[in-house]
1. Which ranges mark the helices (runs of 4 or more DSSP H) fully within the range 253-323 that have 2 or more residues being touching a Leu at 6+ places or on another chain (Cβ under 8 Å)?
2. I'd like to know if the range 62-83 contains one or more residues that are crowded, with 21+ Cβ neighbours inside 10 Å, in contact with a helix residue (DSSP H, G or I) (Cβ under 8 Å, 6 or more places away or on another chain) and of a type in the set (Asp, Glu).
3. Just the residues that are surrounded by 18 or more Cβ atoms within 10 Å (Cβ to Cβ), among the charged types (D, E, K, R) and farther than 22 Å from Phe11 by Cα, please, taken from the range 148-177.
4. Which count do you get for residues in the range 109-132 that are closer than 17 Å to Thr275 by Cβ and not in a loop (DSSP other than H, G, I, E, B)?
5. For the range 89-104, which positions are outside any strand (DSSP E or B) and under 16 Å from Ala212 (Cα atoms)?
6. Any chance the range 235-249 includes a residue that's touching a helix residue (DSSP H, G or I) at 6+ places or on another chain (Cβ under 9 Å), under 25 Å from Gly286 (Cβ atoms) and part of a loop (DSSP other than H, G, I, E, B)?
7. State all residues of the range 235-285 that are farther than 30 Å from Leu118 by Cα and β-branched (Val, Ile, Thr); if no residue qualifies, say none.
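The values are calculated or read from the model by the stated rules, or taken from the named source; none is laboratory data. Note that this is a predicted model, so its numbers are computed, not measured. A quick note on method: Cβ atoms are made from the backbone with ideal geometry, for glycine too, and the neighbour counts reach across all protein chains shown.
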Amino acid sequence: MRTLVIGGTQFMGREVVARLLARGHEVAVLHRRDRHDLDPRVRNLQADRADLPRVERILREEGFEGIVDLAYDWQRGTTPDQVEAAARAAAGPVRRYVFMSSVAAYGSGLDLTEDAPLAPAEVPNPYVQHKVGAERALFRLHAESGFPAVTVRPPFVHGPRQPFYREQFFWDRLRDGRPIVLPNDGATLMHWAYVDDVAETCVRALEVPEAAGEAFNVGHREAVTHRGLVELLARVAGVEPELVPLPRREILAAGGHPFHGHLYFGEYLDLPPMTEVVEKVTRLLGVVPLDFEEALRRGYAWYLEQPRRPVDYAFEDRLLGRS
C-alpha cells in the first residue's frame, strides 16, 4: 500500500513508519522540513499543515491509498478544518484514513468505551475542541460517503523518544535520591498506552477491512493511581521511592504548575482522572497491549542511553521545606 504518514518524524510517527516499512508499505512522510532522518526508503514531502492549498495539492497529486494522520501543532493547534481538508483531498484513491485522536476527546469519565459521547463542541480546552471537531468531521464524511476514516484514542502515551517530561521526570528524581511529591493522597487514576501498541493499532487499522468507520481505545489493560505509577517506575529503576503527599492547593499556591515552569508531577500529568475500556482493539484489530511494567522497562532502557538533563530542584526544596 502507498501510505503517507502526516507528522511521521517524531515519537509515535517513527514507530508507525518502522512498522509500515517492515510490512512492505511504500512510505512517505509529510512534515515542515525539507529532509528527515528516517530510513532512506521513506520519501519526504514538505508542507506546513496550515498551508491548506499545498497540503491538498500534494494529497490529490500523490493519490495515497493509506494515510496515518498524527500531526498536532502544539503552538497553533491543528484544527478540524485542516483535518477535514486533508481527508477530502485524499478521498477517492484512499482506502483508509487513520486519525490520531486522544482520550481527551471524551472530555471526562471512567471506564469509557468507544460509544461513549464525545466532549461538547464548546469545551474550553482548544486541544479537546480540535480532536473532537476532527473526529466529528471524519465520521460525518464516513456517514455521508463511506469515507474510510478510523480514529485512535490513546490516553497518556509513554515509551522511547517521549517528547514530554513525564517518565523521565520521575526517573531523574529517583536516581538522584529525591522525594517524589504526590498531589493530595496520590489516589488520582491515570491510564497509559505504550507507543508501540499505539503504532501497531494505526498500522492494523490500515490493514483490517472492518476498521473503517470505527474508533479504537488503546492502552494498557488497567489504570494506575499517581502513587501506583511512581511505585512502578521506582521498581523498574530498582529504587525504593520516598513519597511525600501534599495538598494540591498548597502546591499550586506555592507556584507549582502541571504543564510548565515549576513542574511538580511531570508534564501534563496531574489532570482529572480519565480511563478507558480497552477490548475492541484486541477483538477487531488483534492488538494485545504489552504488560505495563515490561513496557516501562523498555522505556527505561532508552532513558538510560540519553544524556542527563540538568534539573533544578530549588522549587521542590522550597515546597518540601528543605530550603
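1. In the range 253-323, the matching helices (runs of 4 or more DSSP H) lie at 292-305.
2. yes
3. Arg173, the sole residue that qualifies.
4. Filtering the range 109-132 for residues closer than 17 Å to Thr275 by Cβ gives 109-119, 128.
Pick out the ones that are also not in a loop (DSSP other than H, G, I, E, B) and you get 109-112, 128.
Looking only at that region, the number is 5.
5. From the range 89-104, those outside any strand (DSSP E or B) are 89-95, 101-104; that's our starting set.
Answer for the range 89-104, where residues must be outside any strand (DSSP E or B) and under 16 Å from Ala212 (Cα atoms): Ala90, Ala91, Gly92, Pro93, Val94, Arg95, Ser101.
6. no
7. Answer for the range 235-285, where residues must be farther than 30 Å from Leu118 by Cα and β-branched (Val, Ile, Thr): Val236, Val239, Val244, Ile251.
So that you can scan it fast, the table gives a plain yes or no per residue for (1) at negative phi; (2) touching a Leu at 6+ places or on another chain (Cβ under 8 Å); (3) of a type in the set (Ser, Thr, Tyr):
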site: Ala119; (1), (2), (3): yes, no, no
site: Glu122; (1), (2), (3): yes, no, no
site: Gly133; (1), (2), (3): yes, no, no
site: Glu144; (1), (2), (3): yes, no, no
site: Arg161; (1), (2), (3): no, no, no
site: Leu189; (1), (2), (3): yes, yes, no
